[in-house]
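Notes for the one structure printed next.
The values are calculated or read from the model by the stated rules, or taken from the named source; none is laboratory data. Here the structure is a predicted model, which means the values were calculated and not measured. All Cβ positions, glycine included, derive from the backbone under ideal geometry; neighbour counts span all protein chains shown. Just the protein is used for accessible areas: all its heavy atoms, side chains included, with ligands, DNA and RNA removed. Shrake-Rupley method; radii C 1.70, N 1.55, O 1.52, S 1.80 Å.
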Amino acid sequence: MVFENILWLRVTTNDDTQAFSELFSRYYEELYFFALKYAKQKSLAVDEVQQVFCRCWEQRTALSHILNFRSYIQKAIKNEVIDAMRKHLLQLKYFDYLNAIGMEHPVTPEEKMLSSKKEEILSAAMENLSPQQMKVYWLSKQEGWSYQQIAQEMKISIHTVKWHAAAAFQAMRIFLKRHEKELFGLILLFDFAF
């Protein structure tokens, strides 16, 4: 307990980046689990711990009066998580209200970019399909048609529709598997944005 306060004193009086790095590496994991108790979401806990550490560094001279670093940072993280959750709940209530009155929630630039990227990947995956597979996939997944409706529209048997659907889904699965790192990165990037 005394050691962390000495490190904090070095940070606030000497702008000691090495002491700050030591505090971060010593307490990050403990503070992450502390934040996770309140946040219940890994990404939120990570974000808030990093946010509080960044703010401590940016405001180090103004925070030089702090005598117990651990106590201060735990309280700051708890407050930060609660504020973030409160904002998120307020946003969800707002979206529910908009849905209740028949309006869609506003699209953020992040949502537009994510949607655009998903469309781009989906289009690239569909380019690998045969025309028949593409049509079956599109009618089934994008239009919500049953295999029976697709068979009637395309004037083919339902078994042929099922075969095209299975081939299309297999080809899409293989394509998406090859691009899973890119997709996973997008998901991580926007994990808590919505």
Seminar exercise, completed: Picked from the stretch 135-152 (must be part of a helix (DSSP H, G or I), at pLDDT 85 or above and surrounded by 13 or more Cβ atoms within 10 Å (Cβ to Cβ)), the residue farthest from the chain's Cα centre (by Cα) is GLN152
Problem set entry | Selected residue (only one of GLU104, GLU111 is at pLDDT below 70 and either touching a helix residue (DSSP H, G or I) at 6+ places or on another chain (Cβ under 8 Å) or crowded, with 16+ Cβ neighbours inside 10 Å (or both)) | GLU104
For this session: Tell me which residues, restricted to the stretch 26-41, are within 22 Å of the chain's Cα centre (by Cα) and either surrounded by 14 or more Cβ atoms within 10 Å (Cβ to Cβ) or in a helix (DSSP H, G or I) (or both).
Result: TYR28, GLU29, LEU31, TYR32, PHE33, PHE34, ALA35, LEU36, LYS37, TYR38, ALA39, GLN41
For this session: May I ask you to list the residues in the stretch 1-19 that are among the hydrophobic types (A, V, I, L, M, F, W, C) and open to solvent by less than 30 Å² (accessible area, probe 1.4 Å)?
Result: LEU7, TRP8, VAL11, ALA19
Exercise. What are the residue pairs meeting all of these: first residue in the stretch 162-179, first residue open to solvent by 60 Å² or more (accessible area, probe 1.4 Å), second residue assigned to a loop (DSSP other than H, G, I, E, B), Cβ atoms under 9 Å, and 6 or more apart or on different chains?
Worked result: ILE174/ASN128
Problem set entry | Out of LEU89, LEU67, LEU23, LEU7, sole residue that is outside any helix (DSSP H, G or I) and not polar (S, T, N, Q) | LEU67
